[in-house]
Amino acid sequence: MSMAIHTERLTKRYGSTEALRGLGLDVPEGSIYAFVGPNGAGKTTAIQTILNLRQPTTGRAQVLGTDSRALTHENFQHIGYVSENQRLPEWMTVKEFFEYLRPLYKTWDAELHAELHRQFDLPPGRKLKQLSRGMKMKAALASALVFRPQLLILDEPFTGLDPLVRDELIQGLLDRAEGMTIFVSSHDLAEIESFASHVGYLENGRLCLSEEMNVLTERFREVQVIFDGEVTRPATWPKDWLSPEQSGSILRFVDTRYNPALCQASFPAARGIEAQPMNLRTIFVALARSGREGVRS
Ligand code: ATP
């Protein structure tokens, strides 16, 4: 499978802070890859290094087959980038902004331009500095979609937006996702879960987990084992079972590789075993609680 983004042992040090610690990331072409992790995990640093906006301390990154450090204007014809912290030319009107960008891209799609302006209800005569946060984000996203990039990189696009604007942005994105790779960093796990095909979890500059969303949600279960009397645990506790908790005659844990047969065999004295699917938020809370090393895919 071809990778839209590939990094090898990427490290980035800011003085004594190690923002990236040997990051190895593979983002398959055509995927919608959610790059999640707590504040300070290194997501923005990784994105900026991938786009050659920052130099790595060691290691390397490739984007659409080209080494990041060799990316040229020609390569950026195929890469859209929208960041929460992006500075737009605030003094321009929406119309002037798009007219300024248009000659920079060979693949600018005038029809799509009109369509995006309609869909996002962008006011052509309004100065960018007068737009609300949500409107600015829509203008930024439209400016990155309009030249039909092969790869779209979004750094925290939903932060601080109300649910309505978030939904409009996601819809605008999904309407044009075909044939494109979307790499999106976010804290918004509920939103991400609704549309991402892959997820990577970064913590402390390390990628703790990277896999297809449905594989991840398939393998995690919240298991509850009910006994008639005393709880009996297996002699050897499997390393894939996290956060065991006991209350009365009930034992609960998180199975990170759900295997009903192993559960049944491990608790022969149980009256019943229930296994509930977990959403992304509860999966990451379970991982955060337990230390993640043993549960990588
Ligand atoms: P957030 O979700 O809060 O945006 P993040 O996952 O994007 O965080 P980064 O912004 O990449 O994380 O920061 C990673 C680490 O590097 C943090 O400890 C941060 O304080 C540090 N850092 C980032 N930029 C710089 C810089 N220019 N100089 C020094 N340290 C920095």
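A few remarks follow.
- Only lysines eight or more places from Lys95 in sequence, or on another chain, were considered; those with a Cα closer than 24 Å are Lys106, Lys127, Lys129, Lys136, Lys138.
- Taking all Cα pairs closer than 8 Å and separated by 6 or more residues, the relative contact order of the stretch 1-118 comes to 23 percent.
- Per-selection Kirkwood Rh - the stretch 148-297 (Cα, Å, 1 d.p.): 17.5
- Calculated mean residue ellipticity, 222 nm, the chain: -8500 deg cm²/dmol, from DSSP H runs (n ≥ 4) at -39500 (n - 2.57) each, averaged per residue and rounded to 500.
- Modelled spin-label separation between Arg102 and Gln130, with each label point placed 7 Å from Cα along the Cα-to-Cβ direction: 2.1 nm.
- Ligands, DNA and RNA left out, the 1.4 Å accessible surface of the chain is 48% carbon and sulfur atoms.
- Computed over the stretch 1-135, Cα set: Rg, Dmax in Å: 17.5, 50
- Residues listed by number, the stretch 193-221, amide nitrogen under 19 Å from Glu29 label point at 7 Å toward C-beta: 197-198
- Ordering of 264-274, 188-198 by packing [mean C-beta count within 10 Å, highest first]: 188-198, 264-274
- Chymotrypsin sites (Phe, Trp or Tyr not before Pro) within the stretch 31-96, DSSP loop, no more than 11 other Cβ atoms inside 10 Å: Trp91
- Centre separation in Å (Cα based) which lies between the stretch 237-256 and the stretch 83-133: 52
- Anisotropy class of the stretch 81-175 from Cα gyration tensor, a/c 1.5 cut: rounded
- Sparsely packed trypsin sites (Lys or Arg not before Pro) within the stretch 99-138, loop by DSSP, other Cβ within 10 Å at most 11: Lys106
- Largest accessible area first, the residues Arg221, Arg69 order themselves as Arg69, Arg221 under a 1.4 Å probe with ligands, DNA and RNA left out.
- Accessible area of Met3 in the full protein assembly, 1.4 Å probe (Å², nearest 10): 60
- With the alpha-carbon atoms of the stretch 78-117 aligned to their principal axes, the span from lowest to highest coordinate is 27, 23, 18 Å, starting with the largest.
- Student exercise, the chain dipole from Lys, Arg, Asp, Glu Cβ charges, in Debye to nearest 20: 900
- The residues of the stretch 107-226 have, on average, 41 Å² of accessible surface per residue, using a 1.4 Å probe with all protein chains present.
- Across every direction, the projection of the convex hull enclosing the Cα atoms of the chain has a mean area of 18.1 nm².
The values are calculated or read from the model by the stated rules, or taken from the named source; none is laboratory data. Just so you know, these numbers come straight off a predicted model, no measurement behind them. Heads up, the Cβs are rebuilt from the backbone with ideal geometry, glycines too, and the neighbour counts pull from every protein chain shown. Protein only, heavy atoms only, side chains kept; ligands, DNA and RNA dropped before computing areas. Shrake-Rupley method; radii C 1.70, N 1.55, O 1.52, S 1.80 Å.
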